[in-house]
Amino acid sequence: MTGIASATTVSIRDDVTPISLNASGATTGTFAISGTLDVDNSNFDGGSNLTLGGTLSNSGAVAIGNSNLSAATTVTATGLNNTGTINLEGNTASGTTKQAMLDIQGAVASAGTVTTTAGTLLSVTGGNAYTQAAGTTAIFCTLTAAAIDVAGGVLQGAGTMVGAVGNTGGTVEAENNGSAATLTISGSYAGSSNGVLEELLRGTGAGQAGLLAVSGPLVLGGGTLVATVSGFSLAAGQAFTVVTFQPGTVPGFFGSLAEGAFVGNSTYVNVGGGLTLGALYNITTGAIGLEVFNTPGTTADAWLGGSGVWSNAAGWSGGVPLPDSDVMIGETGSGSVTLDTSATIDSLTVAGGNALSFAAGESLAVGGALTVAAGATLTLSAGGDAIEVGGVVTDAGSMTITS
């Protein structure tokens with residue numbers, strides 16, 4: 001048997017004896033499915049172990065496991081090319097996971113639909129990659145692969161990916177059937193200018209904001225952060241954490257923020273109704289947040305002179321700088337400012353005769369240009385300080401970074 005033809009269903013039920021089906025050309029050929037492969041689906045006890053002796057080429061439907069499994073079900077193939085639908089379903093109700101497992105021992109290319117539930121495992125071994133060119137992958141399982149590339153389509157869910165995740169042209173979303181969720185990456189995440197990270201905001205309470213939780217380094221590489229607001233209205237003072245990552249690593253910036261029809265730059269977007277949604281990039285804690293604030297009459301925010309700390313609202317012409325602020329230290333006289341709280345701003349100029357220094361463990365994200373004029377100083381000490389700049393850096397004064 002080297003495939004399953006259209007309008008044909010092959011069912012394997014509760015079979016603890018390993019079964020092997022050879023592809024055309026044995027282990028190097030293709031096992032083509034344009035019909036349906038059903039392995040312990042539809043409330044059967046499970047326990048089947050099916051090996052396909054080649055690449056599984058699916059343009060039909062593959063269903064593995066069910067929510068009532070009492071024994072693990074496994075399907076193994078030497079590769080996967082999917083343009084159809086694959087559904088993995090396991091049983092976690094008893095507290096003892098009875099997994100449905102799809103074990104691919106070669107490269108995976110999917111342009112169809114892959115749906116998983118808790119209690120399932122999608123494993124890509126041998127140092128191979130899981131590549132999604134189009135379609136949808138719903139991750140409520142554990143997906144392991146050396147590399148997971150979202151080149152197109154949507155990858156969404158509330159499960160865990162183990163490996164190096166790259167978003168080169170698709171959409172990644174932490175979402176569970178219309179509710180906000182946490183999508184976990186045990187590894188790294190690298191975005192790109194063509195990638196989209198979409199986070200669902202359902203309210204201000206715990207667990208009501210979508211979260212991409214990355215255990216390792218985060219590199220944004222541009223792209224768009226989309227905030228999808230559902231079931232409530234934005235108001236000044238609201239805050240949401242949407243990404244976490246390895247503290248101390250420098251993530252870079254999104255190319256733009258978007259909410260509904262509103263599109264802004266890397267640090268803020270005006271969302272109408274006198275409100276602005278700003279991004280907070282915190283390198284030292286390893287988090288990216290969103291905050292809502294009243295849109296100011298001007299984005300210019302100047303230090304009023306003398307010595308003081310960044311968090312002192314009275315020291316600024318427009319209050320403590322926000323993600324849309326174009327900050328000037330020295331416009332109204334000489335000054336010395338200490339960054340005593342991590343911050344994100346749109347641009348920064350330190351004029352001659354003025355200084356900006358960092359308290360230990362604080363970070364500053366400047367989405368646009370940074371200018372240190374002649375006679376000005378910017379100093380980072382050896383205390384876990386960090387700065388990242390999304391635009392042009394002009395240094396005619398003195399920038400000192402002590403590691």
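Observations
- Prolate/oblate/rounded call for the stretch 195-259, Cα gyration tensor, a/c under 1.5 rounded: prolate
- Using a probe of 1.4 angstrom and keeping all protein chains present, the accessible surface of the chain works out to 37 square angstrom per residue.
- Carbon/sulfur fraction of accessible area - the stretch 255-403, other protein chains in place, 1.4 Å, %: 54 percent
- Amide H within-cut-off set for Ser193, under 5 Å, with H built and near neighbours excluded: Gly223
- Fraction in percent of alpha-carbon pairs per bin - 5 Å, the stretch 273-379: 3, 13, 23, 27, 19, 10, 4, 1, 0
- Debye-sum result for the stretch 324-403 in log10 I(q)/I(0), which assumes one identical scatterer on each alpha carbon, at q = 0.16, 0.26 Å⁻¹: -0.51, -1.40
- For the stretch 227-278, the alpha carbon convex hull comes to 94 Å³ per residue, rounded to a whole number.
- Summed residue charge, Cβ within 9 Å of Pro323's Cβ, Lys/Arg positive, Asp/Glu negative: -3
- Close amide H contacts of Thr371 (hydrogens built in the peptide plane, cut-off under 5 Å, sequence separation of 5 or more or a different chain): Leu348, Thr349, Val350, Thr394.
- Antiparallel content of DSSP bridges confined to the chain, in %, to 5: 15 percent
- Value of Rg to Rh for the stretch 192-341 (Rh from inverse mean 1/r over Cα pairs, i.e. Kirkwood): 0.99
- Fraction of accessible area attributable to carbon and sulfur, the stretch 112-176 (%, probe 1.4 Å): 56 percent
- In the assembled protein chains, Tyr281 presents an accessible area of approximately 0 Å² (probe radius 1.4 Å).
- Formal net charge of residues neighbouring Val309 (Cβ-Cβ distance under 11 Å; K, R +1; D, E -1): -2
The values are calculated or read from the model by the stated rules, or taken from the named source; none is laboratory data. Everything numeric here is computed off the predicted structure, so don't read it as measured data. Positions of Cβ are backbone-derived with ideal geometry, glycine not excepted, and every protein chain shown enters the neighbour counts. Protein only, heavy atoms only, side chains kept; ligands, DNA and RNA dropped before computing areas. Shrake-Rupley method; radii C 1.70, N 1.55, O 1.52, S 1.80 Å.
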